[in-house]
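Supplied in structure tokens, the structure appears directly below.
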Amino acid sequence: MNIIIRYLNLCNWSDVEKKMHKFTKNRNQNTIDELWFAEHYPVFTYGILEKEYKMPYIQGIPVHYSIRGGKITYHGPGQLIIYLLINLQRKKIKFYKLVQNIEIVIIKLLKDLNISSHTNKNWPGVYVKKKKICSLGFRIIKGCSLHGLSLNVNMDLIPFKYIHPCGNKNIKMTQIKNFNSNITIQKIQNIFIKNFCIFFNYLIINN
């Protein structure tokens with residue numbers, strides 16, 4: 001099965017959510033799945049389960065409601081966001097299996113960088129030495145996935161201290177730079193694409 005890769009670079013989070021929603025609303029059974037790679041200007045986003053942080057700004061950083069599941073998180077430059085626009089019905093993947101498989105792909109990516117990581121059965125995502133390095137948040141519309149994951153690569157982690165990431169006051173965040181200082185977003189993207197396409201059996205086509 002084919003997939004299209006798009007590189008959005010550094011961009012506004014709210015613009016991408018609108019584009020994602022429009023893409024999913026207009027897609028049909030023949031629409032090719034897509035992966036979107038992005039970094040975002042500083043922003044807090046909260047999903048449908050969040051009760052605490054419904055305010056316009058936190059420490060001067062804008063806060064936006066998101067149609068994804070989950071609670072509040074932070075996005076900023078140096079964090080790789082990967083949006084997965086996948087027709088799960090066509091791929092015959094259950095939602096819980098998508099989450100599990102993405103965690104496996106991230107663990108493999110980190111292993112390729114000589115970083116040992118693990119999951120937590122109570123809190124989705126990927127962790128290194130009990131600190132969270134990758135967060136997941138999805139929405140399913142018409143059997144298709146929106147949103148995806150954020151992987152901390154080389155960013156300012158301080159804004160995470162202003163919130164309880166993913167609704168858990170005990171979660172501490174970490175990033176790839178702390179374990180591999182010579183990494184770039186581009187290299188991470190390339191490793192992810194290779195592992196993802198092998199695991200999910202995709203063939204990349206030029207857009």
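Quick one: of the DSSP bridges fully inside the chain, what percent are antiparallel, nearest 5?
Counting only bridges with both partners in the chain, antiparallel ones make up about 65 percent.
Within segment 147-190, what residues put their amide N at less than 14 Å from the label point 7 Å along the Cα-to-Cβ vector of K51?
In segment 147-190, the label zone of K51 (backbone N under 14 Å from the point 7 Å along Cα→Cβ) covers 167-168.
So for segment 2-205, averaging the separation of alpha carbon pairs under 8 Å that are six or more residues apart and normalising by length, what relative contact order in percent results?
22
Okay, moving on. Can you spot the lysines whose alpha carbon is less than 23 Å from K91's alpha carbon? Ignore those fewer than 8 places along the same chain.
Straight-line reach from K91, under 23 Å: K19, K22, K25, K108, K142, K194.
As an exercise, identify the trypsin sites (Lys or Arg not before Pro) in segment 126-188 lying in DSSP coil whose Cβ has no more than 16 other Cβ atoms within 10 Å.
Answer by residue number: K129, K130, K142, K169, K172.
While we're looking at this one, here's another question. In debye, nearest 20, what is the charge dipole magnitude of the chain about its Cα centre with +1 on Lys and Arg Cβ and -1 on Asp and Glu Cβ, if you could check?
600
Next question, about the same structure. Counting other C-beta atoms within 10 Å, which of S181, S117 has the fewest, and how do the rest follow?
Taking fewest neighbouring Cβ atoms as first place, the list is S181, S117.
Mind putting a number on the dipole of segment 125-207 about its Cα centre? Charges go on the C-beta only, +1 for Lys and Arg and -1 for Asp and Glu, and I need it in Debye to the nearest 20.
With only Lys, Arg, Asp and Glu charged at Cβ, the dipole is about 320 debye.
Moving on. Only sites in a loop by DSSP and with at most 12 other Cβ atoms within 10 Å count here; which trypsin sites (Lys or Arg not before Pro) in segment 29-70 make the cut?
Hits after loop and neighbour filter: K51, K54.
Classify segment 29-91: rounded, prolate or oblate, from the alpha-carbon gyration tensor (a ≥ b ≥ c, eigenvalue square roots; a/c under 1.5 rounded; otherwise prolate if a/b is larger than b/c)?
Because a/c hits 1.5 or more and a/b fails to exceed b/c, segment 29-91 counts as oblate.
With only Lys, Arg, Asp and Glu charged, each at its Cβ (+1 for the first two, -1 for the last two), find how big the charge dipole of segment 26-94 is about the Cα centre; round to the nearest 20 debye.
In total the dipole reaches around 420 debye.
If r is the Cβ-Cβ distance from K172 to N28 and R0 is 41 Å, what FRET efficiency results, to the nearest 0.05?
Plugging the Cβ-Cβ distance into 1/(1 + (r/R0)^6) gives 0.40.
For the chain, build the charge dipole from Cβ charges (+1 Lys, Arg; -1 Asp, Glu) around the Cα centre, then report which of Q29, Y74, Q189 sits farthest towards its positive end.
Of the listed residues, the answer is Q29.
Please list, by residue number, every one of the GluC sites (Glu not before Pro) in segment 35-69 that is coil in DSSP and has at most 16 other beta-carbon atoms within 10 Å.
E52
Here's another thing I want to ask about it. Regarding segment 2-205, what's the average projected area of the Cα-atom convex hull, expressed in nm²?
One quarter of the hull surface, i.e. the mean projection, equals 10.5 nm².
Bear in mind these aren't lab numbers, they're just calculated from the coordinates by the rules spelled out. Every value quoted in this text rests on a predicted model; they were computed, and no experiment measured them. FYI the Cβ positions are ideal-geometry reconstructions off the backbone, even for glycines, and counts take in every protein chain you see.
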